[in-house]
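Shown next, in structure tokens, is the structure this report addresses.
The values are calculated or read from the model by the stated rules, or taken from the named source; none is laboratory data. Bear in mind that the values here come from a model prediction, so they are computed numbers and not experimental data. Counting neighbours? That spans all protein chains shown, and the Cβs are built from the backbone with ideal geometry, glycine included.
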């Protein structure tokens, strides 16, 4: 037994994120139908060796929700539950671009005890969620954790920088178990696309895994609608957004930690010498909590919370939710044809995408107002013929939640489109906007995909609540002329708000914002790693590089808080970026807490915003170059 205090700041250098080659724990997993039989993990840091996984896991048991969905209840033997979640974790912890997709759902009740805690490790493409009406309805006595991934030899380079594509929601964790450094701590060491929503944690939570070999890096995350009764250690997290939650303690930060509508959050101290890099908004301008699945009396219901404005704190109790029975959904599987999907949507049904990968040569077309498209178990939609993955017509109140889009082998002009091009749809106004939550887009990684624009928003009154748009820098099909993509997000509509907008590695201006009255609460960006020359990455043949985010000329009102952009030009040539953020010089366009960072490699970012702010280069590598406010 020993105690450990995480560092006040992590080392500034060598913070390269997804370029690091990682080999996860070597496991042997056989999949027969839907039944997983797994050998014990050999290199997982979660001390799996302390438990035997010889107990046979149970098969998926919720066919009405599709394949690879497990519904647990308190009457099941804990050994069976433990064996099942261990087997899935052993398969998924190292399967960054693998085919597995899983939903682990818990009916109301209590699981594990302080003396015999339940340990749930959450790997790639795994959703862990409670099925109660409130988070307190499902009590996990133990831990729901994500740990560092290390090289096979188990020494050095243990980091969380590629711990993506997983989620946890709608349950309470009474932290128990663990030994030594890991005792009485729930580790959620993740980076992008790993949301924690509607979770109550009683005990210590760490957003980095500081046990064992380092360097322990983590890079950017999202928490919403949650309550923490205990210490929260941010540690090595570079940027993080916590919105509409409750905190009793928060420590550490690297470049920027953003809090919105969160009682107990630390006061703003961004840019104060020697202080932590915190940016705190008293309220969240526009928010909505996730639609969530419940089970009562043997029936499933999807509850859709209401949109809130200038909100504070988590939602608990009756908040005007809309309830939709499962019978009103088409529950699709990868075998469901796109014609059947679109016919169901046209007839007014909602869509639940069960775990799996959907390969379609036409987009999923949402044409009716108030339609819900809900992903279960991190499903993936992959266009096959240069089509979009999802389009939303000029209709109000549509909600898209919980799925990933992979660009296909034929270039798609756009992958996710909200509103018709050139349209002027108000789409529900302020009371019933279109909402995208936990919608993640990838260009490359799983396959050599191509798309000009990942997300195009033409409608007004749209909320983006946690979106990661990623042109891949590792995996399959990676290269400047291979996984080609110009823009991550193009926002043409007015009154569009984004909470937690992550856009990375695109080859031209990564986010273009043309609409009026836009709002962004926390923006994380990395420039493309791989421009082969300055001539290949040069705007209009004159300005070196492209902005990470541009608010278009003529826009008169825009607000942004907590905006960061980093560089790691890794081709060994001098690549310059004139600025990270470009905005009109007008009083109505205001930015707060901006930064740039030179991570490693070559070249520089020459200014933060509009040729203002310090240069980020090798002379100050790893240190944030800040602008507290602009103008």
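Of note:
- If the condition is being in contact with a strand residue (DSSP E or B) (Cβ under 8 Å, 6 or more places away or on another chain) and farther than 26 Å from residue 496 by Cβ, then the range 279-309 contributes 293, 294, 295, 299, 300, 301.
- Selection from the range 398-429 of residues that are in a loop (DSSP other than H, G, I, E, B), under 22 Å from residue 305 (Cα atoms) and in contact with a strand residue (DSSP E or B) (Cβ under 7 Å, 6 or more places away or on another chain): 398, 427, 428
- Screening the range 294-307 for residues that are in a strand (DSSP E or B) and without any contact (Cβ under 8 Å) to a residue 40 or more places away in the chain and picking the one that is surrounded by the fewest Cβ atoms within 10 Å (Cβ to Cβ) gives 299.
- Scanning the range 235-264 for residues that are more than 28 Å from residue 214 (Cα to Cα) and surrounded by fewer than 24 Cβ atoms within 10 Å (Cβ to Cβ) turns up 246, 263, 264.
- Residue among 107, 96 that is buried (at least 19 other Cβ atoms within 10 Å of the Cβ), in the same structural domain as residue 189 (by TED's automatic domain parsing), more than 23 Å from residue 296 (Cβ to Cβ) and touching a residue at least 60 places away in the same chain (Cβ under 8 Å): 96
- Residue check, residue 321 within 30 Å of residue 429 (Cα to Cα) and either in the same structural domain as residue 524 (by TED's automatic domain parsing) or in contact (Cβ under 8 Å) with a residue 24 or more places away in the chain (or both): no
One line per residue, one yes/no per condition, for (1) closer than 18 Å to residue 256 by Cβ; (2) over 26 Å from the mean Cα position of the chain (by Cα); (3) not assigned by TED's automatic domain parsing to the domain that holds residue 530:
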site: 586; (1), (2), (3): no, yes, no
site: 593; (1), (2), (3): yes, no, no
site: 597; (1), (2), (3): yes, no, no
site: 600; (1), (2), (3): no, no, no
site: 603; (1), (2), (3): no, yes, no
site: 611; (1), (2), (3): no, yes, no
site: 616; (1), (2), (3): yes, yes, no
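- Residue ID - nearest to the chain's Cα centre (by Cα), chosen from residues in the range 517-541 that are within 21 Å of residue 456 (Cβ to Cβ) and surrounded by fewer than 18 Cβ atoms within 10 Å (Cβ to Cβ): 517
- Any hit, the range 143-165, residues being surrounded by fewer than 22 Cβ atoms within 10 Å (Cβ to Cβ), in contact with a strand residue (DSSP E or B) (Cβ under 6 Å, 6 or more places away or on another chain) and at pLDDT 95 or above: no
- Test result for residue 348, out of contact with any strand residue (DSSP E or B) (no Cβ under 7 Å at 6 or more places or on another chain) and free of Cβ contacts under 8 Å to residues at least 24 places away in the same chain: yes
One line per residue, one yes/no per condition, for (1) without any contact (Cβ under 8 Å) to a residue 60 or more places away in the chain; (2) surrounded by fewer than 23 Cβ atoms within 10 Å (Cβ to Cβ):
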site	(1), (2)
398	yes, no
402	no, no
411	no, yes
431	no, yes
438	no, no
448	yes, yes
455	yes, no
458	yes, no
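- Residue match in the range 143-150 (condition: under 20 Å from residue 201 (Cα atoms) and over 18 Å from the mean Cα position of the chain (by Cα)): yes
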